[in-house]
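Let me begin by presenting the structure, written as C-alpha cells, before commenting on it.
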Amino acid sequence: MTDNIIKLRNVSKNFDEIAAVKNVSLTVERGKVVVIIGPSGSGKSTLLRCINRLEEPTEGEVWIDSELLDGSEQQLNDIRADIGMVFQQFNLYPHLTVLENITLAQKIVRKREKKEAQKIAMQQLERVGIAEKADNYPIQLSGGQQQRVAIARALSMNPKIMLFDEPTSALDPEMIKEVLDVMLMLAEEGSTMVIVTHEMGFARAAADVIICMALVEIVEHTTPEVLFNNPNHERTQLFLSQILTK
Amino acid sequence: MASYEIEQKDIINSNVLEQLKIQKFSLKDFDWREFPWWFAALTLISAITLIIVLTNPAYHEAFLFIIAGLGLTAIITLAAFSIAIVLGLITGLSRISDGVFAKNAATFYVELVRGVPMLVLMFFIAFVLVPGFVNGINGLGGALSNAGLSGFGSILSALSIRDIPMTVRAVIALSLTYGAFLAEVFRAGIQSISRGQMEAARSQGMSYGQAMRYVILPQAVRNVLPALGNDFISMLKDSSLVSVLAVRDITQVARLYAGHSFRFAESYTSLAILYLVMTVSLSLIVKIIERRYANYDR
C-alpha cells in the first residue's frame, strides 16, 4: 500500500469568476519529490498554495496525512505548522535577526523553550551553511543567503512536507545554485517536497515525479525521464521547446 | 565567529563615518537653495521674542502668569494621546478585520469623527455625550436598586454629572477625536506591510492574532512612528481647544490674563511663542527618530 501524505481530490480555485486551478487531483507519496512545471499563469503556485490553504479551494478536498482539511482554524494552524513553505520573495521577518526569524514560530507555535529553539535554529543554519549570520538582520544578507535562512526557518518546525514556490526566481543568477544545492540535499535525505520551479536541470536531477500544468490543469504527470525525453502532451512539448535551448 | 564580529564592527564604523561626512559642514558644500531658511527665521524670531519676554517687565509678567497652565496642557495632551493610541490601535485593527460588526462599527466611528469640526465635537462630548452617559448609568443604578442590588445600585444612581470635572471631559473629547485619526494611521501602517509577511507567519502555523502581534505590528508601528509623532504635535496644539470648556490650560490662562489686564499683545505673543517653542522642538525630535529608523532597515 502506498503512503500518500498529500491527496488532492478534484480541487478547483476561482478568483472571482476566473479559474486559476481547475479540477486537479493529485497524490504525493511520503518521501517523494514532486516538481510542478508549466508556463506562467498555468496555476502552479495557486495549486501549491491550496495544499496549505494559503488559498482556500473553491471546490474539492485536500487531505494531509489522512486528515481532511475542513477549514477550522485550529486544524489549519496545526496542519500548517507541519508544512514548511518557502516563498519566491523569501518573506523573512525584517525586524528580527536571522536567529529570531527561526526561533519565533518554534516558540509560539511549537511552544519550545528559548534555549531549545535556538539550538534547533543553529543546527538548521549549519545545515544550510550560514550559521555565522545568526545575529545579522535579513537586509544584511544576499538573496541566496536570505532564501537559505527561509529554508532553515521552515525546517526548524520539523515539517512533514516542504513546499517551495519558485524559490530561485527572485535570485541573481550566481546565487541560484547555493539554494538548489540545499534543496538537493533535502531531497537526498528523503524529505517530502513539492516544488514549483523553472529550473529544469534541478527538476531532472531531483524529481521523482514531475507534473506539467498548462491552462489551469495538469496536462502531464510522469517521471523526469519521460517528460524530458519523450513528452506525451503537445502542451508539454510546446512549453519545453520554448524554455529549453537545443 | 571572531572574523564575523570584525565584519560587523566594520559595517557600523563605515556607517558612522558616512554620517559624519554628511554632517560635517564646509563652505564648499554650502548650497543656499538647500539651506533651511525657514528654520533659521523661526529660530531667530523665537529667540528675539524670548528675549523680549524675558526682559520687558509687562511681557515677563504675562509670560509667568501663562506658564502656570503648562502643567495642565502637558497632562491633558499626554493622557489624551495615550488613550487615543489604545483606541486608535483597536479601531485600526477592527477596520481591517473580517468581522462585519467590528469593521462597520470602527468605520462608523472614524467617519463620524472626521465629519464634525473638532470644536463642535468638544462641546458635544462635554455637554451631550458625557451627561447622557451619566444619565444612562443613573438609570442602570435605579434598575439595579429595584432588582434588589440596592448597595451597588445606589452608588450608580448617586453618580452626578457634576462629579465629572471638565478636565476629564476635555481628555475624553480629545482622545475620542484623536482615536479616530490614529486609527487611520495604524490602518495605513499595517496595510503597508507586504502580504507575504502575513502569509509567511500563517504558513508557520501562527494564528491571525499571533501573526499580527509578533510579525505585522512590530513592523507597522515602526513605520508609523513619525506619523504618530506628528499627531502628538497636532494634539498639543489642539489641546488649546479645551479652553472653551474653561479648563485652565495655557490658552485659557492667557485668555484670563488678557481679559483682566487688557494686555492682549503681551498675553497672546507669550502664548504663541510658548506653543511654537514646544512644537518646533518636538518636531526636531520626530525628525531625529525618523532618520534613525530610515537608516535601520529596508
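So here's what we get for this one:
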item	result
Condition check for A:Leu92: within 9 Å of chain B (Cβ to nearest Cβ), under 26 Å from A:Thr197 (Cβ atoms) and either among the aliphatic types (A, V, I, L, M) or crowded, with 18+ Cβ neighbours inside 10 Å (or both)	yes
Those helices (runs of 4 or more DSSP H) lying entirely in region A:125-219 with at least 2 residues over 27 Å from A:Thr103 (Cα atoms) and within 14 Å of chain B (Cβ to nearest Cβ)	none
Filter result (of a type in the set (A, V, I, L, M, F, W, C) and either farther than 14 Å from B:Arg187 by Cα or not in a helix (DSSP H, G or I) (or both)) within region B:88-101	B:Ile96, B:Val100, B:Phe101
Any chance A:Lys160 is modelled with pLDDT of 90 or more, touching an Asp or Glu at 6+ places or on another chain (Cβ under 9 Å) and surrounded by fewer than 21 Cβ atoms within 10 Å (Cβ to Cβ)	yes
From B:Gln204, B:Gln210, residue being under 31 Å from the mean Cα position of the chain (by Cα), within 14 Å of chain A (Cβ to nearest Cβ) and either crowded, with 18+ Cβ neighbours inside 10 Å or touching a residue at least 40 places away in the same chain (Cβ under 8 Å) (or both)	B:Gln210
Condition check for B:Val224: part of a helix (DSSP H, G or I), buried (at least 19 other Cβ atoms within 10 Å of the Cβ), within 7 Å of chain A (Cβ to nearest Cβ) and touching a helix residue (DSSP H, G or I) at 6+ places or on another chain (Cβ under 9 Å)	no
Of residues in region A:220-246 being assigned to a helix (DSSP H, G or I) and under 17 Å from A:Val33 (Cβ atoms), the one nearest to the chain's Cα centre (by Cα)	A:Pro224
Which listed residue is modelled with pLDDT under 95, over 16 Å from B:Val247 (Cα atoms) and surrounded by 15 or more Cβ atoms within 10 Å (Cβ to Cβ), from B:Val113, B:Val100	B:Val113
Pick from region A:108-117, criterion part of a helix (DSSP H, G or I) and buried (at least 19 other Cβ atoms within 10 Å of the Cβ), ranking: nearest to the other protein chains (Cβ to nearest Cβ)	A:Ile108
In region A:192-221, the residues that are farther than 25 Å from A:Lys160 by Cβ and among the β-branched types (Val, Ile, Thr)	A:Val216, A:Val219
Out of B:Ser261, B:Ser194, B:Ser243, B:Ser281, sole residue that is without any contact (Cβ under 8 Å) to a residue 40 or more places away in the chain, surrounded by fewer than 17 Cβ atoms within 10 Å (Cβ to Cβ) and away from every other protein chain (no Cβ under 14 Å)	B:Ser281
Test set (1) within 21 Å of A:Ile211 (Cβ to Cβ); (2) under 20 Å from the mean Cα position of the chain (by Cα); (3) more than 9 Å from chain B (Cβ to nearest Cβ) - A:Ile102 fails condition number	(1)
Subset of region B:30-65 that is surrounded by 13 or more Cβ atoms within 10 Å (Cβ to Cβ) and among the aromatic types (Phe, Trp, Tyr) - its residue that is farthest from the chain's Cα centre (by Cα)	B:Tyr59
Region A:7-27 residues that are acidic (Asp, Glu), paired with ones that are part of a strand (DSSP E or B) (beta carbon under 6 Å, 6 or more apart)	none
Count of residues meeting criterion [in contact with a strand residue (DSSP E or B) (Cβ under 8 Å, 6 or more places away or on another chain) and aliphatic (A, V, I, L, M)] in region B:193-233	1
Failed criterion for A:Ser25 (all others in (1) surrounded by 16 or more Cβ atoms within 10 Å (Cβ to Cβ); (2) in a strand (DSSP E or B); (3) among the small types (Gly, Ala, Ser) hold)	(1)
Among (1) out of contact with any helix residue (DSSP H, G or I) (no Cβ under 9 Å at 6 or more places or on another chain); (2) of a type in the set (Phe, Trp, Tyr); (3) in contact (Cβ under 8 Å) with a residue 40 or more places away in the chain - the single one B:Phe108 does not satisfy	(3)
Sole residue being hydroxyl-bearing (Ser, Thr, Tyr), at pLDDT below 90 and surrounded by 16 or more Cβ atoms within 10 Å (Cβ to Cβ), chosen from A:Ser12, A:Ser40, A:Ser72	A:Ser12
Test result for B:Ala68, loosely packed, with under 14 Cβ neighbours inside 10 Å, at pLDDT below 95 and more than 12 Å from the chain's Cα centre (by Cα)	yes
So A:Val11, is it in contact with a helix residue (DSSP H, G or I) (Cβ under 8 Å, 6 or more places away or on another chain) and either within 23 Å of A:Leu227 (Cα to Cα) or of a type in the set (Val, Ile, Thr) (or both)	yes
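Residues checked against (1) part of a helix (DSSP H, G or I); (2) more than 12 Å from chain B (Cβ to nearest Cβ); (3) over 22 Å from B:Arg213 (Cα atoms):
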residue	(1), (2), (3)
A:Arg9	no, yes, yes
A:Val21	no, yes, yes
A:Val34	no, yes, yes
A:Ser42	no, yes, yes
A:Cys50	yes, yes, yes
A:Pro57	no, yes, yes
A:Gly60	no, yes, yes
A:Trp63	no, yes, yes
A:Asn77	yes, no, no
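For every residue, the table says whether it meets (1) in a helix (DSSP H, G or I); (2) exposed (fewer than 13 other Cβ atoms within 10 Å of the Cβ); (3) more than 28 Å from the chain's Cα centre (by Cα).
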{"residue": "B:Val130", "(1), (2), (3)": "yes, no, no"}
{"residue": "B:Phe133", "(1), (2), (3)": "yes, no, no"}
{"residue": "B:Gly136", "(1), (2), (3)": "yes, yes, yes"}
{"residue": "B:Ser154", "(1), (2), (3)": "yes, no, yes"}
{"residue": "B:Arg169", "(1), (2), (3)": "yes, no, no"}
{"residue": "B:Leu176", "(1), (2), (3)": "yes, no, no"}
{"residue": "B:Ala183", "(1), (2), (3)": "yes, no, no"}
{"residue": "B:Phe186", "(1), (2), (3)": "yes, no, no"}
{"residue": "B:Gly189", "(1), (2), (3)": "yes, no, no"}
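The values are calculated or read from the model by the stated rules, or taken from the named source; none is laboratory data. Worth saying up front: this structure is predicted, and the values here are computed from it rather than measured. Here the Cβ is made from the backbone with ideal geometry for all residues, glycine too, and neighbour counts use every protein chain on show.
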